[in-house]
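Asker: Once you've had a glance at the structure underneath, I'll fire off some questions.
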Amino acid sequence: MARIVGIDLGTTNSLVAYMKDGKPCVIPGRSGRTMVPSVVAMTDNGLIVGDPAKEHLTRSPDRTVYSVKRFMGRGLADVQGELAYFPYSLTEKGGVIRIKLGEKTYSPPQVSAMILKELKQRAEAHLGESITKAVITVPAYFNDSQRQATKDAGLIAGLEVLRIINEPTAASLAYGLQEKTQGTIAVYDFGGGTFDISILKLKNGIFEVLATNGDTHLGGDDLDRRIADLLLHEIRAGHHVDLNAYPDHMQALRLEAERAKIHLSDNLKTQVAIELPDGTSRFSRELTRDQLEASVMDIIERTLAPCRMALKDAGLTPADIDEVVLVGGSTRMPFVRHRVQELFSKQPHWEINPDEVVALGAAVQADILSGGTTDMLLLDVTPLSLGIETMGGVMSSVIRRNTTIPASAKEMFTTYVDGQTGVDIHILQGERELAKDNRSLARFRLKVPPLPAGVPRIEVTFLIDANGILNVKASDMRTGQSQSVEVKPSYGLSDSEVERMIEDSFKFAQEDVTARKLIEARLEAGALITTTEKSLSEGSRLIAPDTLASIRAAVAALASAKDGNDPKAIRARMADLEQAAKPLSVAMIDDSLKRSLQGKKVTEVT
Ligand code: AMP
């Protein structure tokens, strides 16, 4: 099986990892750095990605794109709040955002694909083989269209995305938490520009997201800005110069602030030094860890309220959390770890590099998918059957419950009424026999040309991918016309609801089967009455009056049984009618044979 890599496609940085001798490891670039800044720049010499593109951020901001992840799968209306943060210009085409980069515009998946291509090439150079398959991580709160956009980015980059997995799940996999098989995990992800908290439930080796919360504009950058502001203030007071008027010095100031912050994670004090615009003087001061903590404390406290909310949403207290996992570069700060530990009263996991932990977990998942890790089973199954409503309000299952995903299945359907011009495809989820007792997922209509009942052939395909996204396609086999819809069947469905739906299917099994049998018998009886009456209108002259009378009596008996509630009685009257109508069909066949023979003679004579 071809190698599958794991990719963390991040807002600020992206990484690619693979499994080497049973251990996940991140692939470095030529410079030895493992992180590729998620930045794309259009230069006179073409597109560049990563570290060299980052250098263009201040030089040519109108031709440089960063944080594209914030726009994946979104429309312009969704991101109005974001626009204030970004210098680059956005438009919309067909509901999809377009980002201007130089003279051209690109969709967010196209820009993300440029970053993915860089990671793909990095992996190919390192491993000396072509890489075409990947697992990509996304935030747990990403909706279907954001996940789909991520898959599209993979496709554009020449990568088949075998699975999209949640970042907190990946981090938990990197720590091997799935081996515990049960438990509740809090994943605290504090990066450069975003903060996420996710509460996961692990049950039988499968992770489920119980709650997510966070702040999409809170991260290490805010800490840097706070330190830079402090220094700016002191420079203004001591040297009577406002660095705000000097963009290059401001940039240097921010970098120095970040350097000092990082240094103070491992040291108790550091020396800060800034060249001043006059070219001869310098500002310098000592900064201690205590001073840093005092000045950024309120920013770090802002991460705790979302944690408490997520716990509340999951119906849990800190004591219910079995494991805490730290993700993101900013969790290297001792004060952050300390506050997280206090909140959950638990020592968090931080042994694995917090910048790499998500990519490493993606590599673990990739290895599971490629069959490399056989002692860990991370199977996803459809908890409930998926199907469509057919005539009479009956559920017809297409993918049965407990099918391992990804899965696909096809069924052929037809029309019940002559001249029908469309078929309604109503997608259902559940175990009950009648459509009304199941969960309605989506509906759409496929147009068909008017034809006699039973003639159109409509193929309905269900395809549920590894991420649980269901695509239903209905195609008219005669015209080639098709229509499709995509839904996430697990959306808004709790464990207890799944259990209730399955229990109900047992509880009402007898009633349901009887109801279904009655509906089916009535439908077939209706169809038999219609065809018999059609035959009578064409062929009554061919049969004896008493045969005609007995057929009419059998039709009347069936019609009255059809109004009753006994499927057995309906079936018995159908058999009676078929018996009574036999002479009519025999007479009609004879008659048509005779006529075709006569027709033949005429042809021969002429
Ligand atoms: P990420 O988005 O996960 O790559 O995190 C990047 C953020 O982590 C940036 O704001 C960095 O300044 C910050 N960071 C990286 N290393 C450290 C460190 N040792 N101490 C504090 N913050 C750090």
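Asker: For the pair SER396 and LYS93, what calculated FRET efficiency results from E = 1/(1 + (r/R0)^6), where r is the Cβ-Cβ distance and R0 = 45 Å, to the nearest 0.05? Each step should come with its number before you reach the end.
Answerer: Numbers: r = 39 Å, r/R0 = 0.87.
After rounding to 0.05, the efficiency reads 0.70.
Asker: Between ASP229 and ASP278, with labels modelled 7 Å along Cα→Cβ, what's the label distance in nm to one decimal, could you check?
Answerer: Calculated label separation equals 2.8 nm.
Asker: So, one more: Among LEU360, LEU528, ALA509, flag the residue with its Cα farthest along the positive direction of the charge dipole of the chain, charges on Cβ as +1 for Lys/Arg and -1 for Asp/Glu.
Answerer: Of LEU360, LEU528, ALA509, it is LEU528.
Asker: Please work out how much length the chain gains when fully extended from SER585 to ASN267, using 0.36 nm per residue of separation minus the C-alpha to C-alpha distance, in nm with one decimal. If you can, show how the numbers build up before the last one.
Answerer: Details: separation 318, 0.36 × 318 = 114.48 nm, distance 9.76 nm.
That pair, SER585 and ASN267, stretches by 104.7 nm at full extension.
Asker: To continue, here is another question. Taking Cα atoms, how many degrees apart are the long axis of helix 108-127 and the longest axis of the chain, rounded to 10 and kept between 0 and 90?
Answerer: Helix 108-127 sits at roughly 70 degrees to that axis.
Asker: Which of GLU129, GLU55, GLU431 comes first, and how do the rest follow, when ranked by fewest Cβ neighbours within 10 Å? Mind showing how you got there, number by number?
Answerer: Details: GLU129 10, GLU55 14, GLU431 23.
Least to most surrounded, the residues fall as GLU129, GLU55, GLU431.
Asker: Between GLN347 and ARG552, 0.36 nm times their residue separation minus their Cα-Cα distance comes to what? Before the final figure, lay out the partial values.
Answerer: Details: separation 205, 0.36 × 205 = 73.80 nm, distance 8.41 nm.
Stretched fully, the GLN347-ARG552 segment lengthens by 65.4 nm.
Asker: Ok, one more. Specify the angular offset, from 0 to 90 degrees and rounded to the nearest 10, of the alpha carbon long axis of helix 247-266 from the longest principal axis of the alpha carbons in the chain.
Answerer: 90 degrees
Asker: Further question on the same structure: Find how much the distance from VAL455 to LYS20 grows on full extension, using 0.36 nm per residue of separation minus their present alpha carbon separation; answer in nm with one decimal. Write down the numbers at each step before the final one.
Answerer: Values: separation 435, 0.36 × 435 = 156.60 nm, distance 5.70 nm.
Between VAL455 and LYS20, full extension yields an extra 150.9 nm.
Asker: When only alpha-carbon atoms are used, what values of Rg and Dmax, in angstrom, describe the chain?
Answerer: Looking at the chain, its Cα Rg and Dmax stand at 33.5, 122 Å.
Asker: What is the calculated FRET efficiency for ALA559 to HIS217, with r their C-beta to C-beta distance and R₀ = 56 Å, to the nearest 0.05?
Answerer: On the way: r = 69 Å, r/R0 = 1.24.
E(calc), rounded to 0.05, equals 0.20.
Asker: Can you pull the one-decimal nm distance between simple spin-label points at ARG595 and ALA2, each 7 Å off the Cα toward Cβ?
Answerer: 6.1 nm
Asker: Setting aside same-chain residues fewer than 8 positions from LYS507, which lysines have a Cα under 24 Å from its Cα?
Answerer: The qualifying lysines are LYS436, LYS517, LYS568.
Asker: For the range 497-597, state what percent of all Cα-Cα pairs lands in each successive 5 Å bin, counting from 0 Å until the bin that includes the largest distance.
Answerer: Taking all Cα pairs of the range 497-597, the binned fractions are 2, 13, 19, 16, 12, 10, 8, 6, 5, 4, 3, 2, 1, 0 percent.
Asker: Something else: Quick check on packing: order 475-483, 115-123, 134-142 by the mean number of other C-beta atoms within 10 Å, highest mean leading. Before the final figure, lay out each step's value.
Answerer: On the way: 475-483: 13.8, 115-123: 22.4, 134-142: 24.0.
Top to bottom by mean Cβ count within 10 Å: 134-142, 115-123, 475-483.
Asker: Starting from the 7 Å offset along Cα-to-Cβ, what nm value, one decimal, do you get for the label separation of GLU293 and ARG478?
Answerer: My value for the distance between the label points is 7.8 nm.
Asker: Quick check: the angle from helix 144-156's long axis to the longest principal axis of the chain, C-alpha only, nearest 10 degrees?
Answerer: 80 degrees
Throughout, read-outs are computed from the coordinates displayed, never taken from laboratory work. Predicted, not measured: the structure shown is a model, and the values here were computed from it. Note that we place each Cβ from the backbone using ideal geometry, even for glycine, and neighbour counts take in every protein chain shown.
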